[in-house]
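The values are calculated or read from the model by the stated rules, or taken from the named source; none is laboratory data. Not measured: the values here are computed from a predicted model. Here the Cβ positions follow ideal geometry from the backbone for every residue, glycine too, while neighbour counts run over all protein chains shown. Each accessible area value is taken on the protein alone, full model and side chains, heavy atoms only, with ligands, DNA and RNA left out. Shrake-Rupley method; radii C 1.70, N 1.55, O 1.52, S 1.80 Å.
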Amino acid sequence: MILAIDMGNTNIVIGCIDNEKTYFVERMSTDTSKTELEYVIGFKTVLELYHIELSQMEGAIISSVVPQLTNVISSAVEKTVGCKPYIVGPGLKTGLNILMDNPRTVGSDLIVDAVAAVKEYGAPCIIIDMGTATTLSVVDKKGNYIGGMILPGVRVSVDSLVSRTAQLPRIGLEAPKKCIGKNTIDCMKSGVILGNAACLDGLVERIEDELGYSAPVIATGGLARILVPLCKRKMILDDALLLKGLKILYDKNAGQEEGHAKK
């Protein structure tokens, strides 16, 4: 079993996974003001909650899009499980051929998602990750990562809308009961939630038009459970996609460097 951590701009996704199953997936707030010790306490609390013994851990791996926190989290993980974690980035074997202008600039979370999607569902595929930003990644028939799209996430859109309009209230992100809202809150929910679902349907259609063939769509991320049922395009919901990718990358790189084995 390994500890897999995906550090995003809003949340840190933490989970334990082995070759058989994913034991849990939880989210902690990303907070640049927290100390290494505070993160250690947080990680240990989550492991205790799920009755995971530290002796069960063989290693750890981190994906991060928050560079200023990467070293803090890495040190916290090492103190928590007793081994130095792998960090997804240059130098780590992925097995993914990235056909981008500058492959080093591709977010580590996008790479991990793509690795997992190809392994689990094959190529071609389209991966949608709904976090602080909503990202779409495209893998072609040959298994090449050929690019994608980045757009504001649902919460970012709502926060921007509310902060720039005096009379619009903050809303929850539940799916609206009807498309045509009868009050301000329902109108906002319909516009934000159904608008994003329609956007994803349209983007997938345009991607397939450009590819010249259809591809399965895999959706993950914090808001995927809300949006996927509202999309007209069939999508595979996989909450643990990124953790699966981290496990694949851990296995691919295990034993390549000293210091990652349990002390």
* Asked: Helix 195-211 sits at what angle to the longest principal axis of the chain, using alpha carbons and giving 0 to 90 degrees rounded to 10?
  -> 70 degrees
* Structure fact -> Given a 1.4 Å probe, the accessible area of the stretch 145-230 per residue, as a whole number of Å², is 58 Å²
* Asked: Rounded to the nearest 5, what is the percent of antiparallel bridges among the DSSP beta bridges in the stretch 1-154?
  -> 70 percent
* **Contact order normalised by residue count of the stretch 50-194, Cα under 8 Å, 6+ apart, percent** => 14 percent
* Asked: Residue-wise, which Karplus ³J(HN,Hα) couplings in Hz belong to the stretch 60-72, taking 6.51 cos²θ - 1.76 cosθ + 1.60, θ = phi - 60°, and x for glycine or proline?
  -> 8, 8, 10, 10, 9, 10, 10, x, 5, 10, 4, 5, 5
* Magnitude of the Cβ-charge dipole of the chain, K/R +1 and D/E -1, about the Cα centre, nearest 20 debye? -> 540 debye
* trypsin sites (Lys or Arg not before Pro) restricted to the stretch 192-232 and DSSP loop, no more than 14 other C-beta within 10 Å -> LYS232
* **Apportionment of accessible area to carbon and sulfur, the chain, percent (1.4 Å)** => 50 percent
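Need one word for the stretch 43-178: rounded, prolate or oblate. Basis is the Cα gyration tensor (sqrt eigenvalues a ≥ b ≥ c); a/c below 1.5 gives rounded, then a/b vs b/c decides. Intermediate results must be reported in sequence, preceding the final value.
Numbers: a/c = 1.90, a/b = 1.17, b/c = 1.62.
It comes out oblate by the Cα gyration axes.
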* **With at most 14 neighbouring Cβ atoms within 10 Å, loop GluC sites (Glu not before Pro) (DSSP) excluded, longest segment of the chain** => 54-173
* Efficiency of FRET between ARG225 and SER163 - r from beta-carbon atoms, R0 22 angstrom, step 0.05 -> 0.30
* Asked: Percent relative contact order of the stretch 175-240, based on C-alpha pairs within less than 8 angstrom and at least six residues apart?
  -> 30 percent
* Enter the Cα centre distance for the pair the stretch 78-137 and the stretch 152-181, rounded to the nearest angstrom. => 30 Å
* Most positive-pole-ward Cα, VAL77, LEU92, GLN167, against dipole of the stretch 70-182 from beta carbon charges -> GLN167
* **Cα centre as origin, Lys/Arg/Asp/Glu Cβ charges: the stretch 1-140 dipole, Debye** => 220 debye
* Here are some pairs, LYS21/LYS141; LYS21/LYS232; LYS84/LYS252; LYS79/LYS252; LYS93/LYS247; LYS79/LYS119; which of them have Cα atoms lying more than 20 Å apart in this structure? -> LYS21/LYS141; LYS21/LYS232; LYS79/LYS252; LYS79/LYS119
* Asked: Taking chymotrypsin sites (Phe, Trp or Tyr not before Pro) as exposed when DSSP calls them loop (any state but H, G, I, E, B) and at most 16 other Cβ atoms lie within 10 Å, what is the longest stretch of the chain free of them, the sites themselves excluded?
  -> 51-212
* To do: At most 11 other Cβ atoms within 10 Å and a DSSP loop assignment: could you name the trypsin sites (Lys or Arg not before Pro) in the stretch 1-95 that fit?
  => LYS21, LYS93
* Listed residues SER55, MET28, PRO124: farthest to the positive end of the dipole of the stretch 1-132 (Cβ charges) -> PRO124
* 3J(HN,Hα) from dihedral phi, the stretch 212-221, Karplus parametrisation 6.51/-1.76/1.60, rounded to Hz, x for glycine, proline -> x, 7, 7, 8, x, 10, 10, 10, 8, x
* Structure fact -> Rounded to the nearest 5, the percent of DSSP beta bridges in the chain running antiparallel is 60 percent
* **Nearest-ten-degree value, helix 241-253 long axis tilted from longest Cα axis of the chain** => 30 degrees
* Structure fact -> So, relative contact order of the chain in percent, Cα under 8 Å, 6 or more apart, is 20 percent
